[in-house]
Every structure is written in structure tokens, then in C-alpha cells.
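> To start, I am sharing the structure in question, which I have written as C-alpha cells.
The values are calculated or read from the model by the stated rules, or taken from the named source; none is laboratory data. The shown structure was predicted, so the numbers you read here are calculated from the model rather than taken from an experiment. Glycine also receives a Cβ, built like all others from the backbone with ideal geometry; neighbour counts cover every protein chain displayed. These area figures cover heavy atoms from the full protein model, side chains too; ligands, DNA and RNA do not enter into them. Shrake-Rupley method; radii C 1.70, N 1.55, O 1.52, S 1.80 Å.
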Amino acid sequence: MKRPALTRDELVTIVLEAIATVTRLRIPPERYGDNLFALGLDSLKAIQVVNFIEDRLDLMIDDSELKRFTSINAIADYFESLPK
Amino acid sequence: MGSTVVSGIGLISSAGIGREENVRLFAEKKTGIRPIERFELPPQTRTGFAGLVPPIPWSILPPGLVSRMSEEDLRQDYVKAAVYVVQEAIAEAGIAEAIRRQPRRTALLVASSLGNYLEVAGLVKDYFLNHLYKITSLIHGMNSYLPARLADLFGIKGPCWFVSSSCSSSLNAVLQADRLIKTGVVDRAIVVGVDVCLETGTFHLWNKIRVLSHRNDDPATACRPYCRTRDGLVVAEAAGCFVLEREGEAHPDWYGRILGFGLSNGSADFVKPSPADILLSIRDALDDANLPPSAIDFVAGSASGSPACDPYESEALCEIMGDDVRRVPLFAFKSFLGSTFGVQAVSEGALALTCLRDSRVPEVRNVFEPDPRIRANAYYDARAYAGYGIGTMLFLNFGFAGTHMAVVYGRNPHATTRRSA
């Protein structure tokens with residue numbers, strides 16, 4: 001999988017949109033490093049957030065990578081770490 | 001209260017049709033888990049295999065029943081599978097005449113996780129688009145349809161209802177049936193589990209829940225409970241049936257005696273079970289059976305094959321059983337059947353009770369590397385258990401959305417092994 005042609009801010013915006021769509025939560029920037037479960041997600045909601053991101057970015061995220069999706073920043077870090 | 005026993009079994013799985021056929025295929029390790037051909041897979045599907053029941057021709061059903069089934073019934077494998085397993089279990093238990101003589105003294109409970117989910121939308125659409133006179137479109141979609149239809153076909157006039165609690169649906173129904181008998185409401189009960197529910201849409205959703213194994217290169221060994229290389233569930237259709245009766249009224253070659261149930265419910269997280277709730281269900285079953293953990297000789301594990309969940313089960317067993325956990329074999333019937341939704345207690349249960357009746361510890365399946373996080377005895381050598389007596393079996397059944405159950409069965413000391421494959 002290649003790195004999406006998006007800036008970090010754009011990636012974060014998509015993650016926030018995913019969380020807001022699934023949970024109606026609005027996350028302030030100071031909580032972008034917090035664990036997703038601490039933000040109020042459960043495993044089912046977290047999966048739906050990942051599915052939303054997958055559809056929005058039109059890519060497939062391997063299940064084995066999901067353990068890295070711990071926070072909003074971590075998700076953005078993951079996509080930024082992908083090869084261009 | 002007298003004991004309730006399981007005196008008849010019917011089974012259809014992805015491996016084959018019929019109890020004896022499944023027992024034979026289980027012994028031969030010929031699983032029905034294979035690449036999907038029955039329906040189209042959505043694009044970009046990660047998992048392309050499952051356990052799908054074979055086509056069920058109406059010709060395998062007794063002609064006397066077929067002539068009374070509607071066109072809609074005969075079109076649906078959901079209905080045909082249920083009819084098949086019920087007639088098979090009734091025949092083995094030899095209770096047809098008792099039902100005929102006392103129709104109100106027999107209960108019939110249908111258990112399913114997804115029910116007739118596949119048909120509902122299609123039937124309602126058919127009503128609006130094609131057959132505006134056909135109110136049966138709605139009736140057929142109701143979960144109460146199948147229990148009512150089966151009761152009518154088999155002449156049963158006692159309590160009759162539908163039970164659904166995800167993967168533990170059938171065990172919940174067995175619990176209810178046992179209580180109906182023990183409280184004297186009925187003399188016998190028929191528990192039918194049926195989940196024939198996979199097609200493009202439902203399978204796509206299971207993929208998107210991200211709990212399935214991706215081992216497309218080797219579907220037959222993809223369901224690997226307790227193996228270090230397990231990578232998720234393998235979903236599979238099935239239908240099964242138990243006949244429950246009082247011990248003194250059943251034929252002498254019954255399968256197993258119900259000794260106690262445990263149930264705990266905690267749905268705070270739909271996907272990840274709570275280790276505390278798993279523990280509670282096992283402890284309650286032993287308490288209900290009035291047995292110490294040391295009395296258990298064999299554990300039929302819930303064994304989802306999920307990387308996260310299997311260690312919870314092992315830890316619960318270690319905590320409850322202490323040192324005995326190293327003696328008692330822990331076996332995963334899902335390694336043969338896959339994860340059969342709400343049917344597990346009567347599909348896995350059918351094979352587990354056969355092992356109990358025959359006092360036979362099956363060989364470990366689909367374990368290629370032990371997982372250091374699994375400390376329970378899931379890696380035993382079956383040869384070391386030749387001649388080992390199974391007096392009591394603990395059957396575990398944990399459910400999606402947190403309904404966890406356990407049941408303790410006792411062996412029939414007078415059972416013969418004439419029905420073994």
C-alpha cells in the first residue's frame with residue numbers, strides 16, 4: 001500500500017470525520033494523542049472508523065496493522081510512514 | 001428433579017448431511033471449509049472461504065413431510081435444513097409415537113443467531129412487486145414462523161418459540177428446554193439450531209467486521225483455535241437438533257446427561273469478550289452441577305480462533321481448574337466445523353456428545369505451533385488418552401455481544417458405541 005497523497009492535516013481531518021460519523025464525538029487537538037478507547041470508542045466503533053477511512057482513501061488496510069491504530073496521531077503516523 | 005438427557009441428534013454441517021455422515025467425516029478429518037462458490041464475492045474481499053451447507057434436495061426429506069411443505073418452504077435451505085435435522089433426531093430418539101399420543105407434552109424451540117435474515121427483505125419485496133395478495137411474505141419472514149411451521153409438521157402442540165442470543169442461541173434453547181422438562185411443563189423437548197445465512201451481503205459484512213481468518217491459501221486448516229498462527233474466525237453454516245427427555249423415559253443408549261448450566265452476560269464491547277464474564281459462566285456451570293473443577297474430564301472449548309479471545313478462555317480454565325488444567329484435554333470442535341453462528345451447541349455439541357458417549361478424546365486439529373499464552377491442555381497427544389475415561393464434559397460457548405454460556409454433561413454409563421464411526 002502506498003502513502004496517500006495527502007498532507008498530515010488532511011489525514012487527521014479524515015480520521016476526525018470518521019470518528020465524528022461513527023460516534024458523533026468531536027475531538028479537540030489536545031486529545032489527538034489519546035487512546036481511541038479512552039476517547040469513547042469500543043472495538044466495534046473502532047473497526048467502523050477504520051472501514052470509513054478505508055473507503056474514503058480507497059485503499060485496503062491489512063488487519064495486522066490495526067494494532068498500530070491506537071490514537072488519531074498514531075493513525076496519521078501510520079499513513080505517513082508508508083512508502084510514497 | 002430427575003435428570004434430563006440428550007437422546008437424539010440431527011446434524012447438517014458444511015461437511016455433509018446427516019449425523020452419521022458428520023461423525024464419519026469428523027473422524028476422517030474431512031472438513032467442509034472451502035473456497036466460496038455458491039455466491040458471488042464482493043470486490044476486494046479479504047476472505048474468500050467459509051463453511052456452506054451443501055444444497056439440500058427435498059428428496060432427502062420424508063415424502064410425508066414434503067407433501068405438507070409449501071413452495072416457499074421447499075425453496076429455503078433454512079427451512080429444509082431444520083426439517084431434516086428434526087426428523088433425524090426424532091427418529092433416533094424414537095419419540096414419534098410419544099409426540100402423537102401426547103402432542104401438548106412436547107416443546108419445540110428454534111435457535112438461531114441471524115434467523116431468516118436472508119429471506120425477509122426478498123419476501124417483502126416479492127409481496128410489493130409481484131404478489132400483492134400474498135400475506136405469507138410477512139409471515140415467512142417472522143422469526144416465529146419456523147418454530148410454528150416445524151411444530152405443525154411434526155404434530156407438536158406444546159410450548160414453541162424462537163431463541164436468539166448470538167453464538168450461544170442454541171445453548172440458551174437447551175437451557176430453556178431442560179427447565180421446561182424439569183419443571184414438569186413438558187415431558188420432552190426438541191431444540192433446533194439453524195443458521196443457513198451466508199450470501200454476498202452478509203459475508204461482506206463479516207469481512208468488514210475484521211474478525212475473519214485470511215488464510216485463503218489453505219481454508220481447510222484456516223480455523224486454528226489455540227494455534228499461535230491463528231488469524232481469526234471461520235464462519236460456517238449448520239443446522240442441528242437435540243431431543244431432550246427425562247433419563248428414565250429415554251432409550252437407554254442416550255448421549256449425555258445435563259448436569260448444570262452457567263450463563264453470564266456483558267455486552268459492553270460487542271467484539272471482545274470480558275474475561276471476567278467468561279470465568280463467571282464456567283464457575284456457574286460447575287456450581288449448578290454441584291461439581292468441583294477436578295470432576296471435569298474433558299473440555300469442549302469455545303475456541304473461536306481469534307488471536308485475542310482464545311487466551312481469555314485458557315486463563316479462565318487455568319484459574320478455575322488449577323493444576324487439573326494440565327490433565328484435562330481441551331479440544332476445539334470448530335477446527336472441523338468452523339464457527340457455526342447460533343448453532344454451535346447443537347453442531348459442535350453433537351460431535352462433543354458423541355465423544356462423551358464413546359469416551360473418546362479426539363486428536364488435536366489445526367494446531368501447528370503452540371501459543372505460549374495458552375496454558376490450558378490444548379496440545380495433548382490423543383494417544384496418551386487411549387482408554388481415558390470421560391465421565392464429565394465441560395462445553396463452553398461464548399458469544400459475540402457478550403452472552404457467554406457453559407454446560408456440564410455427564411456420560412451415560414450404559415452407553416454402547418454402536419453408533420460410532
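> Heavy-atom accessible area of B:W161 with all protein chains present, probe 1.4 Å, nearest 10 Å²?
100 Å²
> To the nearest 20 debye, what is the magnitude of the charge dipole of the protein assembly as shown about its Cα centre, counting +1 on the Cβ of each Lys and Arg and -1 on the Cβ of each Asp and Glu?
Result for the protein assembly as shown is approximately 640 debye, rounded to the nearest 20.
> Okay, moving on. Name the residues of the range B:187-226 whose accessible area, probed at 1.4 Å, falls by at least 10 Å² once all protein chains are in place instead of their chain on its own?
B:K208, B:I209, B:R210, B:H214
> Hey, another quick one. Hey, can you grab everything whose amide H is under 5 Å from the amide H of B:G260? Only 5+ residues off in sequence or another chain; H modelled, so Pro and N-termini drop out.
HN-HN under 5 Å from B:G260: B:V408.
> Also, I was wondering about something else. Describe numerically, in nm with one decimal, the distance between label points set 7 Å from Cα along Cα→Cβ at A:L66 and at B:R375.
Taking the simple label geometry, A:L66 and B:R375 are separated by 2.8 nm.
> Where Lys and Arg each count +1 and Asp and Glu each count -1, what net charge lies around B:F39 among other residues with Cβ under 15 Å from its Cβ?
Net local charge, B:F39 excluded: -4.
> Quick one: which residues, 5 or more positions from B:L108 or on another chain, have an amide H under 5 Å from its amide H? H modelled 1.01 Å from N in the peptide plane, none for Pro or chain starts.
Amide H neighbours of B:L108, under 5 Å, 5+ apart: B:C160, B:W161, B:I190.
> With unit charges on the beta carbons (Lys and Arg positive, Asp and Glu negative) and the dipole taken about the Cα centre of chain B, which residue among B:C241, B:V361, B:I60 sits farthest to the positive side?
So the residue we want is B:I60.
> Per residue, how much accessible area does the range B:4-249 show when a 1.4 Å probe rolls over the protein heavy atoms, in square angstrom?
Solvent-accessible surface per residue comes out at 39 Å².
> Now a separate question. Does the range B:156-297 come out rounded, prolate or oblate, given a ≥ b ≥ c as the square roots of the eigenvalues of its C-alpha gyration tensor, rounded meaning a/c under 1.5 and, failing that, prolate meaning a/b above b/c?
Because a/c hits 1.5 or more and a/b exceeds b/c, the range B:156-297 counts as prolate.
> Put A:M60, B:M393 in order of accessible area, largest first, 1.4 Å probe: what do you get?
The ordering from most to least exposed comes out as A:M60, B:M393.
> Okay, moving on. For a Förster distance of 25 Å, can you work out the FRET efficiency between the beta-carbons of B:K30 and B:T416, rounded to the nearest 0.05?
0.50
> B:G16: net charge of surrounding residues, Cβ under 9 Å, Lys/Arg +1, Asp/Glu -1, itself excluded?
Here the count lands on +1.
> Once B and A are treated as a pair rather than alone, how much accessible area drops out, both sides summed, in Å² to 100, probe 1.4 Å?
1100 Å²
> Here is a further query. Hey, if we sort B:M405, B:M142 by accessible area with the 1.4 Å probe, largest down, what's the order?
Ranked from most to least accessible, the order is B:M142, B:M405.
> A follow-up question, please. Run the 1.4 Å probe and let me know the accessible area of A:V50, rounded to the nearest 10 Å².
In the full protein context, A:V50 sits at about 10 Å².
> Moving on. Tell me which DSSP H helices of chain A clear both cut-offs, 15 Å or more of axial length from alpha-carbon atoms and a mean Kyte-Doolittle hydropathy of at least 0.0.
Those that pass (Cα extent of 15 Å or more, hydropathy at least 0.0) are A:8-23, A:43-57.
> In what order, largest first, do A:E80, A:E54 sit by accessible area if the probe radius is 1.4 Å?
Largest to smallest exposure gives the sequence A:E80, A:E54.
> Nearest 5 percent is fine: what portion of the DSSP beta bridges confined to the protein assembly as shown is antiparallel?
Once the DSSP bridges in the protein assembly as shown are tallied, antiparallel ones form about 70 percent.
> Additional query: Of the heavy-atom accessible surface of the range A:8-81 (probe 1.4 angstrom), what whole percent is carbon and sulfur?
Of all accessible area on the range A:8-81, carbon and sulfur atoms account for 48 percent.
> Using only protein heavy atoms and a 1.4 Å probe, report how much of A:T21 is accessible, in Å² to the nearest 10.
A:T21 has an accessible surface of roughly 90 Å² with all protein chains in place.
> Heavy-atom accessible surface, probe 1.4 Å, ligands and DNA/RNA ignored: which residues of the range A:25-63 lose at least 40 Å² versus the isolated chain?
Listed by number, the residues meeting the 40 Å² cut-off are A:S43, A:L44, A:I47, A:N51, A:M60, A:D63.
> Residues of the range B:260-411: accessible area per residue at 1.4 Å, in Å²?
32 Å²
> Next question, about the same structure. Would you mind calculating the relative contact order of the range B:4-249 from Cα pairs under 8 angstrom and at least 6 residues apart, reporting the percent as a whole number?
Contact order relative to length: 32 percent.
> Short version: ³J(HN,Hα) in whole Hz for each residue of the range B:204-221, in order, from phi by Karplus 6.51 cos²θ - 1.76 cosθ + 1.60 (θ = phi - 60°), x for Gly and Pro, what are they?
Here the 3J(HN,Hα) series is 4, 5, 4, 4, 6, 6, 6, 10, 8, 5, 10, 7, 5, 6, 8, x, 4, 10 Hz.
> Also, quick follow-up: Can you check what the net charge comes to around B:A238, using other residues whose Cβ is under 10 Å from the Cβ of B:A238 (Lys, Arg +1; Asp, Glu -1)?
Once all neighbours under 10 Å are counted, the net charge is -3.
> Label the range B:4-249 by shape, choosing from rounded, prolate and oblate, from the square roots a ≥ b ≥ c of the eigenvalues of the Cα gyration tensor; if a/c is under 1.5 it is rounded, and otherwise prolate applies when a/b is larger than b/c, oblate when it is not.
oblate
> Over chain B, what percent of the accessible surface lies on carbon and sulfur atoms, probe 1.4 Å?
Carbon and sulfur: 55 percent of the exposed surface of chain B.
> While we're on this one: Let me confirm one metric for peptide A:64-71, namely the mean number of other chain beta-carbon atoms within 10 Å of its residues' beta-carbons.
1
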